[in-house]
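Asker: Below you'll find the structure I mean.
No lab work stands behind these numbers, since they all come straight from the coordinates. Predicted model, so just to flag it, every value in this text is computed and none were measured. Quick reminder, even Gly has a Cβ in these numbers, built from the backbone with ideal geometry, and neighbours come from all protein chains shown.
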Amino acid sequence: VVLVDEVAELFLISSKKDEERRERIVTALIRLAQMARAVGIYLEVCGQRFGSELGRGATMLRAQLTGRVVHRVNDKQTAEMGLADIAPDAVMAAGLIPAERPGTAVAADSSGGW
């Protein structure tokens, strides 16, 4: 099991000097995501907002993650980032989770099930 928490931190750079390092890390993570299943590695990547605005590679990495868990969200766009490409019917459900139910989430996979 490989766990990456706050994936956005890997994508954000503060200087030109960090850009090459970022590219190497993101490329390695995408390659791991592409090959992990075949060798029995479970990759769990966590982030609060995991969209294309993070930069090159974010969407490609997300596409490799075929199982998704989305907790309560404040806007439809955030739910779409996590679920729309694998389980479009689940998007609305993530937005309907009540604030009084912390920890409740919608889980979906690439089969379209949720």
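Asker: Amide H to amide H under 5 Å from Val4: which residues, 5+ apart in sequence or cross-chain, H placed 1.01 Å off N in plane?
Answerer: Sorted by chain and number, the residues that satisfy this are Glu44, Val45, Cys46.
Asker: Using a cut-off of 13 Å between beta-carbons, work out the net charge of the residues near Val4 (Lys and Arg +1, Asp and Glu -1, Val4 not included).
Answerer: -3
Asker: With all distinct Cα pairs included, what does the Kirkwood hydrodynamic radius of the stretch 67-114 come out to in Å, to one decimal, could you say?
Answerer: 10.3
Asker: For the stretch 1-110, build the charge dipole from Cβ charges (+1 Lys, Arg; -1 Asp, Glu) around the Cα centre, then report which of Val73, Ala36, Pro98 sits farthest towards its positive end.
Answerer: Ala36
Asker: Considering every pair of different Cα atoms, what Kirkwood radius, in Å, is found for the chain?
Answerer: Hydrodynamic radius (Kirkwood, Cα only) of the chain equals 14.9 Å.
Asker: Right, here's the next one. Which angle between 0 and 90 degrees, to the nearest 10, do you get for helix 16-35 versus the longest principal axis of the chain when only C-alpha atoms count?
Answerer: 60
Asker: If you add up the charges near Thr59, with Lys and Arg at +1 and Asp and Glu at -1, over every other residue whose beta carbon is less than 11 angstrom from its beta carbon, what do you get?
Answerer: Residues near Thr59 contribute 0 overall.
Asker: May I pose another question? Counting alpha carbon pairs within less than 8 Å and at least 6 residues apart, what relative contact order, in whole percent, applies to the stretch 67-114?
Answerer: 47
Asker: If you don't mind, there's one more thing I want to ask. If you put +1 on each Lys and Arg Cβ and -1 on each Asp and Glu Cβ, how big is the dipole of the chain around its Cα centre, in Debye rounded to 20?
Answerer: Approximately 240 debye in magnitude.
Asker: Something else now. Would you kindly calculate the mean projected area, averaged across all directions, of the convex hull enclosing the Cα atoms of the stretch 1-65, in square nanometres?
Answerer: 4.1
Asker: With +1 on the Cβ of every Lys and Arg and -1 on the Cβ of every Asp and Glu, and nothing else charged, how large is the dipole of the stretch 40-98 about its Cα centre, in debye rounded to the nearest 20?
Answerer: 100
Asker: For the stretch 48-60, take each phi angle, set θ = phi - 60°, evaluate the Karplus expression 6.51 cos²θ - 1.76 cosθ + 1.60, and give the result in whole Hz per residue in order, putting x for glycine and proline.
Answerer: Couplings: 6, 9, 10, x, 5, 5, 6, x, 4, x, 4, 5, 5 Hz.
Asker: Using DSSP, restrict attention to beta bridges with both residues in the chain and report what percent are antiparallel, rounded to the nearest 5.
Answerer: Roughly 60 percent of the DSSP beta bridges within the chain come out antiparallel.
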